[in-house]
Amino acid sequence: MPIATLSRQLAPGDTWPVPARRFGLRDEQWERIKDLLAGREGSVGVTASDNRLFVEAVLDRYRTGMPWRDLPERFDDGTKVHLRFSRCAKSGVWERVFQHLAADADTEYAIIDSAIVRAHQHSAGAQKSW
């Protein structure tokens, strides 16, 4: 994998190499979903302080399987993140995000073969008795 894909863009004054943000969304991923979230600039209601950090908190929580209360401090209070996540789920925000991403899915590398999918032991060719 090229080093450029592992590092963020250099800002003025940065030196090479710049460490990658392992827990975060890439900029192109964020650009695809940022206008679908509640709390963005120009939307009805309160403007969120950092929508990207919120989405990264949700992804980190589900990636690791940790309880909401154990989210790292960089993501703010876990109970607040969970409350906002629940409100987004009830209002259909996550469904809109998933539908948007599924409509433009890159399935070039989606492969299913017998090394990944295993059949049930009873599906091995026994006669059906119906």
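The values are calculated or read from the model by the stated rules, or taken from the named source; none is laboratory data. Keep in mind that this is a model prediction, so the values were computed, not measured. Heads up, the Cβs are rebuilt from the backbone with ideal geometry, glycines too, and the neighbour counts pull from every protein chain shown.
Residues that are in contact with a Leu (Cβ under 9 Å, 6 or more places away or on another chain), modelled with pLDDT of 85 or more and within 21 Å of ARG84 (Cβ to Cβ), at least 1 per element: which helices (runs of 4 or more DSSP H) completely within the range 1-66 meet that? I'd like the intermediate steps shown before the answer.
Numbers: elements: 3-6, 27-33, 51-64.
In the range 1-66, the matching helices (runs of 4 or more DSSP H) lie at 27-33, 51-64.
Anything in the range 75-86 that is touching a residue at least 12 places away in the same chain (Cβ under 8 Å) and of a type in the set (D, E, K, R)? List them, or say none. Across the range 75-86, the qualifying residues are ASP76, ARG84. Checked against (1) of a type in the set (S, T, N, Q); (2) modelled with pLDDT of 85 or more; (3) part of a loop (DSSP other than H, G, I, E, B), SER86 passes all but condition (3).
May I ask you to verify whether GLU73 is closer than 18 Å to GLY24 by Cβ, modelled with pLDDT of 90 or more and acidic (Asp, Glu)? Spell out how you get there, then give the answer.
Values: closer than 18 Å to GLY24 by Cβ: yes; modelled with pLDDT of 90 or more: no; acidic (Asp, Glu): yes.
The answer is no for GLU73.
Cβ separations smaller than 8 Å between residues 6+ apart or across chains give the following pairs from the range 26-37 residues that are aliphatic (A, V, I, L, M) to residues that are modelled with pLDDT of 85 or more and surrounded by fewer than 14 Cβ atoms within 10 Å (Cβ to Cβ): ILE33/HIS100; LEU36/HIS100.
Scanning the range 47-70 for residues that are over 18 Å from ASP27 (Cβ atoms) and not hydrophobic (A, V, I, L, M, F, W, C) returns THR47, SER49, ARG61, TYR62, ARG63, THR64, GLY65, PRO67, ARG69, ASP70.
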